[in-house]
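Single-structure report; data block below.
The values are calculated or read from the model by the stated rules, or taken from the named source; none is laboratory data. This is a predicted model, so every value here is computed, not measured. No Cβ is skipped: glycine too gets one built from the backbone with ideal geometry, and neighbour counts run over all protein chains shown.
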Amino acid sequence: MNLIGSEKLQKMSASIFQEVADRKKAAMKKGKEVIDLSVGSPDFPPPSFVVDALVKSVQDTSKYGYTLKGIAEFNEAVCYFYKQRYGVDLDHAKEVLQLMGSQDGLAHLATAIINPGEYVLVPDPGYPIYEASVNLAGGVIYPMPLLEENRFLPNLNDIPLEVLQKTKMMIISYPGNPVTALADEAFFEEVIEFARTHNILVVHDFAYSELIFDNHPQISFMAVPGAKEVGIEFNSLSKTFNMAGCRIGYVVGNEEAINLLATFKSNIDYGVFYPIQQAAVKALTSDFSYLHEQVKEYELRREALIAGLKKSGWQVAKSPATMFVWAKIPEGWTSRQFAFELIDQAGVAVIPGDAFGSLGEGYVRIALVQPPVMLSQAAERIEQFLADRLIEK
Ligand SMILES: Cc1ncc(COP(=O)(O)O)c(C=O)c1O
């Protein structure tokens, strides 16, 4: 059969994650031991009380049917969590929608909202589904550069008026992936004013809301006055409670936008497995001491990696949040060359920055998905690799 993928599929690039995985496999076949810091899937277990709730619920054979939009207790638990953690009041019936991971919502929102030819403002670099979702919808991507000199915030004044006239939605994420920067309230206020002026739906991805370090404030976009009028916020239990494989997340905020996504989803899926929802309720209504411990663990990992890399002469900025380090690479390589040589020669797998947009060139993303001792070891290998390279030159 001569089967060619659709034009929409062809617009999606083959996943760099697969390419890195293949490269790692090839290196291992040649006998290289590889420390894998490529994929952002947490290696920590979920809290034991969450696992217990899941196990108990799985025994109930009356709960194996479709769950559609999910159980009311889940929406109520999200409201409780948002109030406790971010001081945000939400209406559980109208301002919360359960998702099969935030990816589900991020992937489908544009198709529910955007017509072919309409513009969406997307961060560059940014998490890949933002761009892919707009392509699926037939929308037009307008990249918003995130530059170090502007604290990785987009400069909204740089966007031409003729673009804004055709723009229906913008996507932002603080802290984000791969750019780990935080936004302050003043930036969010500016975004709300901008969205009001130009009638744009703001989509804030807050998937890393509980991986914020050094006592920086955890600012939900929804906590800023006016946000609900113009925006929604995606969140998830994947990173917060290490439930990435459970596939459960949610979106909160603007009722109209949530309704549109709910209508779309009612046509394509039948909801999350009931026991997973029960486990999520348990997680969201816990005493949160687990979250404080987890932040400390990630801080230790970040310190181990950055201190190790510093010894090699590679100065890497300290992430204020997330499970990643967004590292500007030393001169003399492209992102891909550097990432691939690290796998082949140092035995350390990371993701080249250009996978997240053209402005990711010159960076690599390193995931803090191994214990501090392994991260120190990875840094030692990189130190040796850089030293060898210096000798070669
Ligand atoms: C920024 C960001 N948003 C959303 C997601 C999707 O997460 P999930 O679908 O597991 O909630 C990820 C996953 O890595 C992410 O990094």
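Summed over region 111-149, the residues that are of a type in the set (A, V, I, L, M), away from the ligand (no atom under 16 Å from the Cβ) and closer than 15 Å to GLY176 by Cβ give a count of 2. Quick one: in region 350-393, which of the residues that are without any contact (Cβ under 8 Å) to a residue 40 or more places away in the chain, among the hydrophobic types (A, V, I, L, M, F, W, C) and out of contact with any Lys or Arg (no Cβ under 9 Å at 6 or more places or on another chain) is surrounded by the fewest Cβ atoms within 10 Å (Cβ to Cβ)? The residue in question is ILE391.
To keep it simple, each residue is scored yes or no on (1) part of a helix (DSSP H, G or I); (2) within 14 Å of PRO47 (Cβ to Cβ).
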site	(1), (2)
GLN277	yes, no
ALA280	yes, yes
ALA283	yes, yes
ALA304	yes, no
VAL316	no, no
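Summed over region 82-110, the residues that are touching a Lys or Arg at 6+ places or on another chain (Cβ under 7 Å) and within 13 Å of the ligand (Cβ to nearest atom) give a count of 4. Applying a threshold of 8 Å to beta carbon distances and a minimum spacing of six or more residues, or different chains, the list of pairs starting in region 252-266 at a residue that is closer than 13 Å to LYS94 by Cβ and small (Gly, Ala, Ser) and ending at one that is assigned to a helix (DSSP H, G or I) and at pLDDT 95 or above reads GLY253/PHE221; GLY253/MET222; GLY253/ALA227; GLY253/LYS228; ALA257/LEU109; ALA257/ILE113.
Taking every residue in region 79-106 that is on the phi > 0 side of the Ramachandran plot and pairing it with any residue that is part of a helix (DSSP H, G or I), at least 6 positions away or on another chain, the pairs with Cβ-Cβ distances below 6 Å are GLY87/ALA223.
Only a single item in (1) within 15 Å of the ligand (Cβ to nearest atom); (2) farther than 30 Å from GLN59 by Cβ is not met by ASN254, and it is number (1). Among the residues of region 9-34, those that are within 23 Å of the chain's Cα centre (by Cα) and either small (Gly, Ala, Ser) or more than 22 Å from ASP354 (Cβ to Cβ) (or both) comprise SER13, ALA14, SER15, ALA21. Of the candidates LEU386, LEU359, the single residue that is part of a helix (DSSP H, G or I) and in contact with a Leu (Cβ under 8 Å, 6 or more places away or on another chain) is LEU359. Every residue in region 1-33 that is assigned to a loop (DSSP other than H, G, I, E, B), more than 29 Å from LEU237 (Cβ to Cβ) and touching a residue at least 24 places away in the same chain (Cβ under 8 Å), please. Answer for region 1-33, where residues must be assigned to a loop (DSSP other than H, G, I, E, B), more than 29 Å from LEU237 (Cβ to Cβ) and touching a residue at least 24 places away in the same chain (Cβ under 8 Å): LYS32, GLU33.
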